[in-house]
1. Is it the case that region 241-254 has a residue that's more than 21 Å from the chain's Cα centre (by Cα), crowded, with 16+ Cβ neighbours inside 10 Å and not in a helix (DSSP H, G or I)?
2. Which one of the conditions (1) part of a helix (DSSP H, G or I); (2) over 17 Å from Pro38 (Cα atoms) does Glu70 fail to meet, given that it meets all the rest?
3. Considering each residue of region 122-157, count those that are crowded, with 19+ Cβ neighbours inside 10 Å and assigned to a helix (DSSP H, G or I), and give that number.
4. Scan region 48-66 residue by residue and report those that are in contact with a Phe, Trp or Tyr (Cβ under 7 Å, 6 or more places away or on another chain) and either under 17 Å from Gly124 (Cβ atoms) or not in a helix (DSSP H, G or I) (or both).
5. Could you grab me the full set of residues in region 176-204 that are of a type outside the set (A, V, I, L, M, F, W, C) and assigned to a helix (DSSP H, G or I)?
6. Tell me, yes or no, whether region 107-121 has at least one residue that is outside the structural domain of Gly228 (by TED's automatic domain parsing) and in a helix (DSSP H, G or I).
7. For the condition modelled with pLDDT under 95 and more than 22 Å from Leu226 (Cα to Cα), what is the one hit in Phe94, Phe11, Phe27, Phe73?
8. Could you check region 189-206 and list, in sequence order, the residues that are buried (at least 21 other Cβ atoms within 10 Å of the Cβ) and either over 12 Å from Ala67 (Cβ atoms) or β-branched (Val, Ile, Thr) (or both)?
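The values are calculated or read from the model by the stated rules, or taken from the named source; none is laboratory data. Computed from a predicted structure; not experimentally measured. A quick note on method: Cβ atoms are made from the backbone with ideal geometry, for glycine too, and the neighbour counts reach across all protein chains shown.
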Amino acid sequence: MLSGNQSQAPFSRLRLELGDTRALLTFAHPATRNAIDPEMIGELAGAMDEIEGWGRETPMAVGLVLAGGEAAFVSGANLTYLASIVSSEEMAEFSRSMQGVLNRLEDFPLPVIAAMEGPALGGGTEVALACDMRIVGARSYFSFKYARVGVVPGWGGAQRLGGVVGRRQALLLLATAAAVDPEEAARLGLADRLVRAGRAQAEAEALIARMAELAPLSVRAFKGLLRGALSATRQEAQCLETAEFVRLWESEDHAEGLRSLREKREPRFRGR
């Protein structure tokens, strides 16, 4: 694992480590199998405050790893809390508040990698889908059993699932309350890499370490370029590429990269 400092925030359900190149956010509430309720959402929002600040202030930062437990990556909404809700307004606020947290996770400008050892159940799939990449251990799986309890995704999961696997496949998964094992998840594009049990976080950390060997300004720019290309016209996307190309061409890291090629050595990037 890459070195990092434990967050000083008073989290009771999460652990947060902020390092020189990566942040590690771990769901750590085994009593509820990392279920989501207002307390968990509040901690996630606080963690995102710290992570966003770290991303802005740490020149060599290149990524975030989101990890869960072996019993469950995230087990969805907390059923005890759901049973206590007495109004549609409260339910709508619960939906909107978790949507807001996952939107922040999705919009975080550095790559976000989910390290999944346990299953993603219901709303847990929505947390995983808000990440850019998913490393899936042999004991993990995705459960889309919303219709089994008479609901639909409430945290942006339907839109994100369609974006990952396509609208028709997303409809099939949701309408049949599918449980998707790691091999099928890889075939569908839900899983980016499969690893043996117990290796998901290590593989995610290894990917971050590989990114950290490269120019951080480039790594930071890729996510925005790719996301922009999905919603922009060709002309708009190419204008964005030109602007980013010129910005990075003028950077100190680009000059260092060229020097390292001439001098036949590894580059020493500084994130500027």
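1. Checking region 241-254: at least one residue is more than 21 Å from the chain's Cα centre (by Cα), crowded, with 16+ Cβ neighbours inside 10 Å and not in a helix (DSSP H, G or I).
2. Among (1) part of a helix (DSSP H, G or I); (2) over 17 Å from Pro38 (Cα atoms), the lone unmet condition for Glu70 is (1).
3. Counting residues in region 122-157 that are crowded, with 19+ Cβ neighbours inside 10 Å and assigned to a helix (DSSP H, G or I) gives 8.
4. Within region 48-66, Ala61, Leu64 meet the criteria.
5. Pro182, Glu183, Glu184, Arg187, Gln201, Glu203
6. Yes, region 107-121 contains a residue that is outside the structural domain of Gly228 (by TED's automatic domain parsing) and in a helix (DSSP H, G or I).
7. Within the list Phe94, Phe11, Phe27, Phe73, the selection yields Phe11.
8. Leu190, Ala191, Val195
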